[in-house]
Amino acid sequence: MRAMIYVNGEPTELRPGAKLAQALALLSLSVEARGIAVAIDGEVLPRERWEQTALDDGARVEVVAAIQGG
């Protein structure tokens, strides 16, 4: 079975060991982006851990953005 990492429900070409920053880049985001939250496998990850976090095989990364409206 091929190793896979998912971002917002979509399979990616990222491989196990890839950094969270690479997953964010797929969404044109960076670890410095404001107004977003990240969960890996259902666990919200504190921003101070985003830079060094490596992704495991089968990881499911969910990125949500705050939207301002009225």
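What follows draws every value from the coordinates through simple rules; no lab data is involved. None of the values given here were measured: they were computed from a predicted structure. Cβ placement follows ideal geometry from the backbone for every residue including glycine, while neighbour counts extend to all protein chains displayed.
Condition test on residue 63, is it at negative phi and surrounded by 12 or more Cβ atoms within 10 Å (Cβ to Cβ)?
So residue 63 fits the description; yes.
Is there any pair linking a residue in the stretch 33-56 that is over 18 Å from residue 8 (Cα atoms) to one that is of a type in the set (Gly, Ala, Ser), with Cβ under 8 Å and at least six apart or on different chains, and which?
That search, which allows pairs on different chains as well, returns 51/21.
Being surrounded by 14 or more Cβ atoms within 10 Å (Cβ to Cβ) and out of contact with any helix residue (DSSP H, G or I) (no Cβ under 7 Å at 6 or more places or on another chain) is the filter; apply it to the stretch 6-24 and report the residue that is nearest to residue 68 (Cα to Cα). Give the derivation first.
Initial filter on the stretch 6-24 (surrounded by 14 or more Cβ atoms within 10 Å (Cβ to Cβ)): 6-7, 12, 14, 18-24.
Next, only the ones that are out of contact with any helix residue (DSSP H, G or I) (no Cβ under 7 Å at 6 or more places or on another chain) stay: 6, 18-24.
Numbers: 6: 27, 18: 31, 19: 29, 20: 25, 21: 24, 22: 26, 23: 24, 24: 21 Å.
Out of the qualifying residues, it is 24.
Within the stretch 57-70, take every residue that is within 11 Å of the chain's Cα centre (by Cα), of a type in the set (A, V, I, L, M, F, W, C) and outside any loop (DSSP other than H, G, I, E, B) and give me the one that is farthest from residue 10 (Cα to Cα).
Looking at the filtered set, the residue picked out is 64.
Within the stretch 1-17, can you find the residues that are over 9 Å from the mean Cα position of the chain (by Cα) and either among the aliphatic types (A, V, I, L, M) or assigned to a loop (DSSP other than H, G, I, E, B) (or both)?
1, 2, 3, 4, 5, 9, 12, 13, 14, 15, 16, 17 - these are the residues of the stretch 1-17 that are over 9 Å from the mean Cα position of the chain (by Cα) and either among the aliphatic types (A, V, I, L, M) or assigned to a loop (DSSP other than H, G, I, E, B) (or both).
Check off (1) surrounded by 12 or more Cβ atoms within 10 Å (Cβ to Cβ); (2) farther than 26 Å from residue 3 by Cβ; (3) not hydroxyl-bearing (Ser, Thr, Tyr) for residue 68 and give me the number that stays unchecked.
Result: residue 68 fails condition (1) only.
Tell me which residues, restricted to the stretch 18-51, are among the acidic types (Asp, Glu) and not in a strand (DSSP E or B).
32, 41, 48, 51
Can you confirm whether residue 39 is surrounded by fewer than 16 Cβ atoms within 10 Å (Cβ to Cβ) and either of a type in the set (A, V, I, L, M) or within 11 Å of the chain's Cα centre (by Cα) (or both)?
For residue 39, the condition - surrounded by fewer than 16 Cβ atoms within 10 Å (Cβ to Cβ) and either of a type in the set (A, V, I, L, M) or within 11 Å of the chain's Cα centre (by Cα) (or both) - is met.
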